[in-house]
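Okay, so here's the structure we're looking at.
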Amino acid sequence: ELVNMIIECCMQAGMYTRFFGLMAGRFCQLSEVYKQKFEESFYKRYETLHRLDTNKLRNLAKMYGYLLYIDAIDWKVFQCIKLTEEDTTSSSRIFIKILFQDLCEQLGLAALHAKLQDEMLMEALSGVFPKDNLTNTRFAINFFTSIGLGALTVELREFLQKAPQLMLRQQLAALEKEVESSENSESSSSSFSSSRSASRSPGRESRRSGKKSSKEKSSSKMEESKSESELSEDSGLFSEKEMPEKNPPRKRSRDKRRYSSSSRDHRKRKSEKRKRSRSKERSRSKERRNYRFKEKR
C-alpha cells in the first residue's frame, strides 16, 4: 500500500517533483521487500499504461528513471518491454521515450550505452533491442533515432548489415539437416525392406516348391493310374502271347510307293501344260499388240 501511495501521489502531481523519487529510492535502500514491491509495480504499471494520460506517463517514467539511475531497482525490469510495432501502443512508446531520455540526461550517453552492453543485462534487454526478426530490429532503430538516441543502436545496425549472411548460413544448415534426416530415413527404410524380404523369401520358396512337388506328384499319379487302366483293358482282350507290341515298326506298303511315283509324273505333266498355256498366251498378246499398232498407223 505504501508503494502504491507514493506512485499515485507522484502521478497526480501537475509537474514531476523529485521528492517522490527520493522517497521511493530511500525505501528501496532500507529493505529488499520495498525493492521487490517497486519492481512488481513496474510490471503492473507497464501493462496498464494505455489508461494513463501524458502527464501521468511523464511523472511515472521520470520516477522509475531516477530509481534505475541510483540502482534502487534492478535493470532486469526491462524484460517486460518488447519494442515492436505489434506489442507496443502509443502510450507505451511515450513511456519508453521519456524513460530513456531521462536516463541519458542523468547518466550520459556513453555511460548509458556501456550499461546497456553489460552481459548480465543482455537477456533482459533482448526485447528492447530485438534481433529475432529484421522488421523488429528496423523498428527499434527507427524508434531510438527518432528520439535522439541513435547511438544506442550501433550493434543493431551492424546486425542488420550481417543479417543476410547469417540468414543464408541458417538456411544452409537447415537444408543440410533435412538432407541428412531424409538420407537416414531412406537407409533405414531400405534396410527394413531388405530384411523383411529376406525373412519372407524362404517361406515363399518353400511354399512354391511344396506346391510344385504336390502338383508333380498328382500328375504322376494320374498318369500311372491311366496307364494301369489301359493295360488292364488290353489284357482282357488279348492273351499274353497275343498281346500287340507297344510301338510296332511302320512298313511302307507297295501301293503307297506306286502311288507316290505316279503322283510325281502327274505333277510334272501339269507343270508342262501350264508352261505351254502361258507361252501361248504370251504369243497371242504380242500378236494383238502388233495388230493394234498397225491399225493406228
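Just one residue in the set Gly25, Gly14, Gly21 is open to solvent by 10 Å² or more (accessible area, probe 1.4 Å) and farther than 20 Å from Phe143 by Cβ; that residue is Gly14. In this entry, Thr89 passes the filter for residues that are of a type in the set (Val, Ile, Thr), open to solvent by 50 Å² or more (accessible area, probe 1.4 Å) and within 46 Å of the chain's Cα centre (by Cα).
Of all residues in segment 140-158, those satisfying the criterion of being open to solvent by 50 Å² or more (accessible area, probe 1.4 Å) and either in a helix (DSSP H, G or I) or of a type in the set (Asp, Glu) (or both) are Asn142, Thr145, Ser146, Val154, Glu155, Arg157, Glu158. Take the residues in segment 68-111 that are in contact with a Ser or Thr (Cβ under 9 Å, 6 or more places away or on another chain), among the charged types (D, E, K, R) and not in a helix (DSSP H, G or I), then tell me which one is nearest to Tyr16 (Cα to Cα). Only one residue fits best here, namely Lys82. Among residues that are surrounded by fewer than 16 Cβ atoms within 10 Å (Cβ to Cβ), touching a Cys at 6+ places or on another chain (Cβ under 9 Å) and of a type in the set (Phe, Trp, Tyr), Tyr43 is included.
Once segment 112-135 is narrowed to residues that are in a helix (DSSP H, G or I) and not hydrophobic (A, V, I, L, M, F, W, C), the residue that is surrounded by the fewest Cβ atoms within 10 Å (Cβ to Cβ) is Glu119.
The values are calculated or read from the model by the stated rules, or taken from the named source; none is laboratory data. Please read these numbers as outputs of a predicted model, since none were measured by experiment. Neighbour counts are summed over all protein chains in view; Cβ atoms, including those assigned to glycine, are modelled from backbone coordinates with ideal geometry. Calculation scope for accessible area: heavy atoms of the full protein, side chains included, ligands and nucleic acids excluded. Shrake-Rupley method; radii C 1.70, N 1.55, O 1.52, S 1.80 Å.
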